[in-house]
1. Taking 0.36 nm per residue of sequence separation and subtracting the Cα-Cα distance, how much length would be gained by fully extending the chain between SER78 and ARG112, in nm to one decimal?
2. So what does log10 I(q)/I(0) come out to for region 30-149 at q = 0.09, 0.22 Å⁻¹, using the Debye formula with one equal point on every Cα and no solvent?
Amino acid sequence: MRFKLTIRQFLLIFIVLLLPGIACGTINPEYQLNNEVRQAVYVYERETRGPVKDLVIHFRRDEPRVRFVGQNQKGGHSVWLYPAGAEEYFSTRPQTATYLYIQEIQYNPHQRSATVKVYRGDGLGYQGWQLTVTREANGHWVVTDEVEIEGNPTQ
């Protein structure tokens, strides 16, 4: 038995396959890079300065969220903040909880390296760094430089 597809059936199948892409939108390729860079920063910070209670991440509403291995164990939290949510979060968070705040990522024109500001803090204060993250030949991102910065994490 041979199956013939009519134009009407073809259009119906095409529409059914196309609708999810239209409804959900496509994922910006830079957003995948963002998560790769965040993972590299997270690993670097844990190895260099130790774990924190809250991992706070600046992201856009249409970005996919990823899991940071080890963060949600032993009572840790991952907090995904829209750009306008940082001030509210920091004014209401428990003052005794330590945090790492990974801010917006800025890429170089060829997207082979990026800079990202990070802040670590607790109830007593905070300290910030601008990290340079570079993509190696194997595609993995690694932190290659850090410079201490001043400023408020919510600005």
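1. 9.6 nm
2. The Cα Debye sum returns log10 ratios of -0.23, -1.42.
Just so you know, all these numbers are worked out from the coordinates, no wet-lab data involved. Keep in mind it's a predicted model, so treat the numbers as computed, not measured.
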